[in-house]
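Have a look at the structure below, then the notes.
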Amino acid sequence: MGACARRIAVVPVGIQASSLRAARAGAAAWRMPSPHAPPSRLEPLVSRVKPPPFEYLAPRSLDEAVAALAEHGDEAKAMAGGQSLVPLLAFRLARPSVIVDLNGIGGLDGARLDGDTLELGALTRQRDVERLPGLRERCPMIVEAIEQVGHVAIRNRGTVGGSLAHADPAAEWTALALALDAELDLVGPGGARTVPATEFLISYFTTALEPGELLTGLRLNVPNGRSGSCFLELARRHGDFAIAGVGALVTLDGDGSVGDARVALIGVGERAVRVAAAEELLRGRRPTAELFAEAAAAVQAELDPNSDVHATADYRRHVAGVLVRRALATAVGRAGGGDRDGAA
Ligand SMILES: Cc1cc2nc3c(=O)[nH]c(=O)nc-3n(C[C@H](O)[C@H](O)[C@H](O)COP(=O)(O)OP(=O)(O)OC[C@H]3O[C@@H](n4cnc5c(N)ncnc54)[C@H](O)[C@@H]3O)c2cc1C
């Protein structure tokens, strides 16, 4: 660790570090006290603090952060916005003994639309992208997707990089990364490398990040010209993770036929998926309601969703088909072409 990194143990307000050490030593023997029992000297530690004890590191540079993660290995977790990690700690589903807070590292945030490229630092808050001037007009799919991530308070803290690194299969950012051919920049003990989104997203909460590696930024391809896009999802309540969601982007040729099409889905498998069969089928054809229905059927044929407490696999497949039709119709309409009846 460099000299300027701050290293402190997280000690609940009013609790001495010595109590924390004692509590750590006896952690195995703890039991959660009854909320009705009178507090003893140690009880505030166990009953009023949700996360397990951890050491908190606040590196000031990327090198320090990488070094800290390398030093502590599996015991360490990076923290960006904390909007996924902190709930995991609070429920004690994650028990890192060291948290490496990335928020003090300069130069990892910022959003910039430059030609066909949207450049994002990993620490850019989702809300800052949502509010980037001109983005909704240029590529509505991006803003529409972000608007469905939790609630404003979550997007104010939650970062783009955190969402992608967390890799929830229903995370809106994973669909955007696939649909917009994102390239992700990673830095770790072995140096820097760039990977495409298709290789970065592997499975449930699993990415190509190697131990000790950090995501530092990404670039998304946002086509200019006669393009339209749309993101739609179905969730039980606004702000919930999607049962299924679809991002569609269509570029029209001069004669009004589909020049390029991208269709990415979330919530319908172990990771976000892009459906090449549907994209192929759309290219070179006139965009009509019948074509959108064909594309939807192609998507449904490719999907293998799970059943869970939120929805059956059949329901997810059905919803995905409906959303694909609607998203394509809206995207084509926004590109200034086609037949919008497919939105019915
Ligand atoms: C009530 C609620 C509702 C939500 N609803 C949605 C939703 O509908 N859709 C959705 O997509 N998300 C939702 N989220 C999650 C939210 O989008 C998070 O902000 C996001 O998933 C994680 O971003 P973060 O910056 O908070 O990351 P953190 O919580 O800090 O970290 C998450 C994980 O990513 C790792 N990580 C973070 N940054 C990096 C990095 N730069 N390099 C390597 N690893 C890194 C951490 O180690 C950790 O494992 C919700 C969260 C809450 C609390």
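The values are calculated or read from the model by the stated rules, or taken from the named source; none is laboratory data. Worth saying up front: this structure is predicted, and the values here are computed from it rather than measured. Because the Cβ atoms are built from the backbone with ideal geometry, glycine has one as well, and the counts that use them run over all protein chains shown. The accessibility values were calculated without ligands, DNA or RNA, using every heavy atom of the protein model including side chains. Shrake-Rupley method; radii C 1.70, N 1.55, O 1.52, S 1.80 Å.
To the nearest 0.05, what FRET efficiency results for Arg193 and Leu88 with a Förster distance of 30 Å applied to their C-beta separation?
Efficiency, rounded to the nearest 0.05: 0.65.
Order these peptides, 54-60, 191-197, 161-167, 269-275, by their mean beta-carbon neighbour count within 10 angstrom, highest first.
Ranking, from highest mean packing down: 161-167, 269-275, 54-60, 191-197.
Classify the range 114-221 from the C-alpha gyration tensor, please: rounded if a/c falls under 1.5, else prolate or oblate depending on whether a/b exceeds b/c.
prolate
With a 1.4 Å probe and every protein chain left in place, work out the accessible area per residue of the range 227-335 in Å², rounded to a whole number.
Computed with neighbouring chains in place, this is 41 Å² per residue.
Label Ala297 and Asp240 with points 7 Å out from Cα along Cα→Cβ: what is the distance between them in nm?
Here the modelled spin labels are 3.1 nm apart.
Mind jotting down the distance between the C-alpha centroids of the range 269-315 and the range 108-177, whole Å?
Value for the Cα centre distance between the two parts: 24 Å.
If each of Ser203 and Ala153 carries a label point 7 Å out from its Cα toward its Cβ, how far apart are those two points in nm?
3.5 nm
Computed over the Cα atoms, what is the radius of gyration of the range 227-335 divided by 2.2 N^0.38 Å, N being its residue count?
In units of the 2.2 N^0.38 Å rule of thumb, it is 1.03.
Please find the FRET efficiency linking Ala277 to Asp255, where r is the Cβ-Cβ separation and R0 is fixed at 22 Å, and quote it to the nearest 0.05.
Approximately 0.40, to the nearest 0.05.
Considering only protein heavy atoms and a probe of 1.4 Å, how much of the accessible area of the range 125-195 is carbon and sulfur, as a whole percent?
Within the range 125-195, the accessible surface is 49 percent carbon and sulfur.
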